[in-house]
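Input: a single structure, listed below in structure tokens.
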Amino acid sequence: MKKILFLALLSLAFTARAQVVVSVHDTATDQPVIPAEIYGQFSEHLGRCIYEGIWVGEDSSIPHVNGYRTDVTEALKALKIPVLRWPGGCFADEYHWMDGIGPKENRPKLVNNNWGGTVEDNSFGTHEFLNLCELLGTEPYISGNVGSGTVAELAKWVEYMTAENGSMAELRAKNGRKEPWKVKYLGVGNENWGCGGEMTAQYYSDVYKRYALYARNYSGNRLFKIACGASEADYEWTRTLMKNARWDMSGLSLHYYTVRDWNHKGSATEFTAEEYYDTLTDTYAIDEILTNHIAIMDAYDPERKVALILDEWGTWYDVEPGTNPGHLFQQNTMRDAMVAAINLNIFHKHTGRLKMANIAQMVNVLQAMILTDGPRMLLTPTYHVFRMFNVHQNARLVPSEARCGTIVSASGDIMPSFSQSVSRDGNGLLHISLANPYLDKAVKVDVAFDQLRPKTVGGEILKASSISSYNEFGKAPAVAPAAFRDVKVDGKKLTLTLPAASVVVLEVK
Ligand code: AHR
């Protein structure tokens, strides 16, 4: 019955006139800046994210610079990654940083209990991560071990990385790095309600304060301490943390994955139209989840001193057939590009409180930017959205709204039939990101400015022959951006047509 209703709605949608009006309030003042950190990434010791994906070691035949593969790091630079979270994830609460420093041949081997029992040799440790951040020009976000570590261990790690003097600084120098690094973001545990120690919110909030207290600021380095936050709609966790520990934190995290059923996640590449719209309604749900967590934070912290940090988000499907179930390797289609675009547009709206988001994960894991296969590498549709949208980083939000209809999924969920966001960068250029989620119809869009009479407009479009198109190793890319010129300027208005299931970013002067 639901399916018949869905098909009827789809055919109605197909015949109905698809028209959207985006009103852009370009005269508005006092709007927040979109923090670059909304475009953050996450890299865990999980599957082939670090090993092979980023780090191939100094002896590898894969082209590299000091062990970092050249193809991947060059592609990542184009994303302008503002912040990179490491070493986990669940891995973080079993990671002992002292195992990952000093001569590589002396580093102990570790069984990665969370992720497939893989044995790793700790050849990628603190120096390798912080040097990677320097190579990419990105801010490090260290995720500390609270679940199985000690207060002293985390305190010493901070000292090792950031102090100019003392025995930790001497040890660091002995290991090849005299100057301390600057480390801004420190996560005090990860998912401590689950893989990070199965704690209650009350208990964790006390533990948090103890760990946070002894993580000191050395040599001019100022830590931005992030407490472990809730999963999805666990509002009680946010309430308890804000009530008990808000004075001691700079940020509180949140994790939200786009997944319908954790027991039947579905294929990344083979899905029906119904499943596609289900994925989108699950992704749109983050808007309400952010709104509700922010409302709780506002009640305790009306001055918005504590940032909301969405340090894990993205799609989570079944692993690719034949791959290790613990390695979370999934393909990435035009559906994922749509998910990325919708999420980023939503995040922009919440930047009064939401100050960072880290998509999971950067390479070869979950909704990745890049996939590798030995020496081969490809850019995913999600990569292209991140590259196209990075013009919004540090730009000032320009309020906008879309007059559009709704899409009702087969499951009865309702979502907006259009997604948009607008910002103005430091050079006065307006950037407008638009997404048409309809699978079967193009949408005519009028962009109406309050005041601006555009002189020039350029843009890029991402679309594919099918929503399940993806890029494959050794083949010409099936999903790649192209120039978009089909925009008419008429006084204070732009008119364009977005093809079905497409993402467009415009630059307006
Ligand atoms: O990103 C994969 C895992 O998802 C992380 O390790 C964990 O924090 C979350 O459950």
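Looking at this structure, is L135 in a helix (DSSP H, G or I), in contact (Cβ under 8 Å) with a residue 12 or more places away in the chain and over 22 Å from the mean Cα position of the chain (by Cα)? So that I can check it myself, show each step before the final result.
Working: in a helix (DSSP H, G or I): yes; in contact (Cβ under 8 Å) with a residue 12 or more places away in the chain: yes; over 22 Å from the mean Cα position of the chain (by Cα): no.
For L135, the condition - in a helix (DSSP H, G or I), in contact (Cβ under 8 Å) with a residue 12 or more places away in the chain and over 22 Å from the mean Cα position of the chain (by Cα) - is not met.
So how many residues does the stretch 29-45 have that are away from the ligand (no atom under 14 Å from the Cβ), of a type outside the set (S, T, Y) and part of a loop (DSSP other than H, G, I, E, B)?
As a first pass, look at the stretch 29-45 and keep what is away from the ligand (no atom under 14 Å from the Cβ): 29-39.
Within this subset, residues satisfying the condition of being of a type outside the set (S, T, Y) are 30-38.
Retained after the next criterion (residues that are part of a loop (DSSP other than H, G, I, E, B)): 30-32, 34-35.
Selection size over the stretch 29-45: 5.
Against the conditions (1) outside any strand (DSSP E or B); (2) out of contact with any Cys (no Cβ under 7 Å at 6 or more places or on another chain), where does L186 fall short? Just the number, please.
Evaluating L186 over (1) outside any strand (DSSP E or B); (2) out of contact with any Cys (no Cβ under 7 Å at 6 or more places or on another chain) leaves (1) as the failure.
Does N106 count as surrounded by fewer than 17 Cβ atoms within 10 Å (Cβ to Cβ), more than 16 Å from the ligand (Cβ to nearest atom) and not aliphatic (A, V, I, L, M)? Spell out the reasoning first.
Numbers: surrounded by fewer than 17 Cβ atoms within 10 Å (Cβ to Cβ): yes; more than 16 Å from the ligand (Cβ to nearest atom): yes; not aliphatic (A, V, I, L, M): yes.
Yes, satisfied.
Just one of the numbered conditions (1) within 16 Å of the ligand (Cβ to nearest atom); (2) buried (at least 20 other Cβ atoms within 10 Å of the Cβ) is not true of Y218; which one?
The single condition Y218 does not satisfy is (1).
Give me the pairs: first residue in the stretch 74-98 and within 26 Å of W115 (Cα to Cα) and in the same structural domain as G53 (by TED's automatic domain parsing), second residue among the acidic types (D, E) and more than 16 Å from the ligand (Cβ to nearest atom), beta-carbon distance under 6 Å, and six or more apart or on different chains, which are they?
Hits for this filter: V83/E37; V83/E139.
Quick check on the stretch 173-190. Is at least one of its residues at pLDDT 95 or above, away from the ligand (no atom under 16 Å from the Cβ) and of a type in the set (S, T, Y)?
Looking through the stretch 173-190, none of the residues is at pLDDT 95 or above, away from the ligand (no atom under 16 Å from the Cβ) and of a type in the set (S, T, Y).
Mind telling me which of the residues E159, E128, E94, E139 ends up being within 16 Å of the ligand (Cβ to nearest atom), crowded, with 18+ Cβ neighbours inside 10 Å, at pLDDT 95 or above and charged (D, E, K, R)? If you could, list the steps in order and put the result at the bottom.
Numbers: E159 fails: within 16 Å of the ligand (Cβ to nearest atom); E128 fails: within 16 Å of the ligand (Cβ to nearest atom); E139 fails: within 16 Å of the ligand (Cβ to nearest atom).
On inspection, the qualifying residue turns out to be E94.
Among the residues of the stretch 301-326, which ones are in contact with a helix residue (DSSP H, G or I) (Cβ under 8 Å, 6 or more places away or on another chain) and assigned to a strand (DSSP E or B)?
The answer is L308, L310, W313, G314, T315.
Looking only at the stretch 222-243, how many residues end up being surrounded by 24 or more Cβ atoms within 10 Å (Cβ to Cβ) and out of contact with any helix residue (DSSP H, G or I) (no Cβ under 9 Å at 6 or more places or on another chain)?
Residues flagged as surrounded by 24 or more Cβ atoms within 10 Å (Cβ to Cβ) and out of contact with any helix residue (DSSP H, G or I) (no Cβ under 9 Å at 6 or more places or on another chain) within the stretch 222-243 amount to 1.
Within the stretch 452-476, which residues are surrounded by 11 or more Cβ atoms within 10 Å (Cβ to Cβ) and closer than 24 Å to H431 by Cβ?
Our first condition is that a residue be surrounded by 11 or more Cβ atoms within 10 Å (Cβ to Cβ); within the stretch 452-476, this holds for 452, 454, 457-464, 466-473.
L452, P454, V457, G458, G459, E460, I461, L462, K463, A464 - these are the residues of the stretch 452-476 that are surrounded by 11 or more Cβ atoms within 10 Å (Cβ to Cβ) and closer than 24 Å to H431 by Cβ.
Considering every residue within the stretch 347-363, establish whether at least one is within 16 Å of the ligand (Cβ to nearest atom), in contact with a Leu (Cβ under 6 Å, 6 or more places away or on another chain) and not in a loop (DSSP other than H, G, I, E, B).
Taking the stretch 347-363 and keeping what is within 16 Å of the ligand (Cβ to nearest atom), we get 356-363.
Those left that are additionally in contact with a Leu (Cβ under 6 Å, 6 or more places away or on another chain): 357, 360.
Then keep just the ones that are not in a loop (DSSP other than H, G, I, E, B); that gives 357, 360.
Yes, the stretch 347-363 has at least one match.
Just to be sure, is T372 away from the ligand (no atom under 16 Å from the Cβ) and surrounded by 24 or more Cβ atoms within 10 Å (Cβ to Cβ)?
On the way: away from the ligand (no atom under 16 Å from the Cβ): yes; surrounded by 24 or more Cβ atoms within 10 Å (Cβ to Cβ): no.
Answer is no for this residue.
Considering only the stretch 2-28, state which residues are among the polar types (S, T, N, Q) and either within 16 Å of the ligand (Cβ to nearest atom) or modelled with pLDDT of 50 or more (or both). Give the derivation first.
Here is the first cut: in the stretch 2-28, the ones among the polar types (S, T, N, Q) are 11, 15, 19, 23, 27.
Residues satisfying the conditions are Q19, S23, T27.
Inspect all residues belonging to the stretch 113-120 and state whether any of them is without any contact (Cβ under 8 Å) to a residue 40 or more places away in the chain, closer than 29 Å to L379 by Cα and in contact with a strand residue (DSSP E or B) (Cβ under 7 Å, 6 or more places away or on another chain). Give the derivation first.
If we filter the stretch 113-120 for residues that are without any contact (Cβ under 8 Å) to a residue 40 or more places away in the chain, which is where we start, we get 113, 119.
Checking the rest, the ones that are also closer than 29 Å to L379 by Cα come to 119.
Still in the list and also in contact with a strand residue (DSSP E or B) (Cβ under 7 Å, 6 or more places away or on another chain): 119.
Among the residues of the stretch 113-120, at least one is without any contact (Cβ under 8 Å) to a residue 40 or more places away in the chain, closer than 29 Å to L379 by Cα and in contact with a strand residue (DSSP E or B) (Cβ under 7 Å, 6 or more places away or on another chain), which makes the answer yes.
Taking the conditions exactly as written (away from the ligand (no atom under 16 Å from the Cβ) and either at pLDDT 95 or above or not assigned by TED's automatic domain parsing to the domain that holds W157 (or both)), does Y256 satisfy them or not? Give the steps one after another, and end with the answer.
Numbers: away from the ligand (no atom under 16 Å from the Cβ): no; either at pLDDT 95 or above or not assigned by TED's automatic domain parsing to the domain that holds W157 (or both): yes.
Against the criterion (away from the ligand (no atom under 16 Å from the Cβ) and either at pLDDT 95 or above or not assigned by TED's automatic domain parsing to the domain that holds W157 (or both)), Y256 does not qualify.
Would a scan of the stretch 313-320 turn up a residue that is more than 29 Å from H45 (Cα to Cα), in contact (Cβ under 8 Å) with a residue 40 or more places away in the chain and among the small types (G, A, S)? Full working, then the answer.
Applying the first criterion (more than 29 Å from H45 (Cα to Cα)) to the stretch 313-320 yields none.
Scanning the stretch 313-320, I find no residue that is more than 29 Å from H45 (Cα to Cα), in contact (Cβ under 8 Å) with a residue 40 or more places away in the chain and among the small types (G, A, S), so the answer is no.
The values are calculated or read from the model by the stated rules, or taken from the named source; none is laboratory data. No experiment lies behind these values; they were computed from the predicted model shown. In this analysis, Cβ positions are derived from the backbone assuming ideal geometry, glycine residues included, and neighbour counts consider all displayed protein chains.
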